[in-house]
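Derivation of every value follows stated rules applied to the coordinates shown; laboratory data play no part. Quick caveat, the model's predicted, so the values are computed rather than measured. Using ideal geometry, Cβ is built from the backbone for each residue, glycine included, and neighbour counts are taken over all protein chains shown.
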Amino acid sequence: MTNNGDHRPASPLALAYDTHYAALIESVAPILGCRFRAQDVVQDAWIKLAEHPPADTVRQPVSYLFRLVRNLAIDRARRLALEVRYGAREELPLAAPSADPTPEQAAISRDMMRVLSDALSELPERTRLVFEMHRIAGHSVDDIASRLDVSTGYVYRMLSQATVHCAKRLGPDLGRRDR
């Protein structure tokens, strides 16, 4: 990175950059509140040095780099604050939350499905069938009533019985579980 493929010795600034890269990031991460932004600023410092090298020889390259990176970080933090303040930029998370459930959520879901399956198997067959037709297959109450040749009121009664039974089996904290 510092020699760009040629065989000239690296400059003192390039050596200081390579040697102190991680420390440079750590020094500005608290200013920016984000390690990824800190890495961007440190890389921006390298680009700035490559495009506009200092005119004079730098006597203390490490101090020079830390000061340069700090100044760039402060500028970036100010710019971000202004962008957020005036709505020019929506703060987006650097990583989108996963749609996949956590292992804990998956285990809870499996347990709930097992309990629900057991609860359904305890119901009278016709009540279970009505519940499955309505809640799982998505049939309307009128459709279920006509298919089973019963009244809609009876279908509602069986749905109510099945729902109450399943809710009791799943426990009182069903509504408060994190999903």
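Assorted remarks:
- Phi angles across the range 51-56 convert, under the Karplus curve 6.51 cos²θ - 1.76 cosθ + 1.60 with θ = phi - 60°, into 3J(HN,Hα) values of 7, 9, x, x, 5, 9 Hz, Gly and Pro given as x.
- Phi angles of the range 12-23 translate, via the Karplus equation with coefficients 6.51, -1.76, 1.60 and θ = phi - 60°, into HN-Hα couplings of x, 5, 5, 5, 5, 4, 4, 5, 10, 3, 5, 5 Hz per residue; Gly and Pro are given as x.
- Enclosed volume per residue, in Å³, of the convex hull spanned by Cα atoms of the range 103-176: 88
- The dipole here belongs to the range 12-85: it is taken about the Cα centre, uses +1 on the Cβ of Lys and Arg and -1 on the Cβ of Asp and Glu, and is about 300 debye.
- Quotient of Cα Rg and 2.2 N^0.38 Å for the range 12-85, N being how many residues it contains: 1.10
- Ser160 sits among other residues whose Cβ lies under 13 Å from its own Cβ, and their net charge, with Lys and Arg +1 and Asp and Glu -1, is +3.
- For the range 26-164, average projected area of the Cα convex hull in nm²: 15.9
- Per-residue Karplus couplings for the range 132-142, computed as 6.51 cos²θ - 1.76 cosθ + 1.60 with θ equal to phi - 60°, are listed in order as 5, 4, 7, 7, 9, 7, x, 6, 6, 4, 5 Hz, Gly and Pro entered as x.
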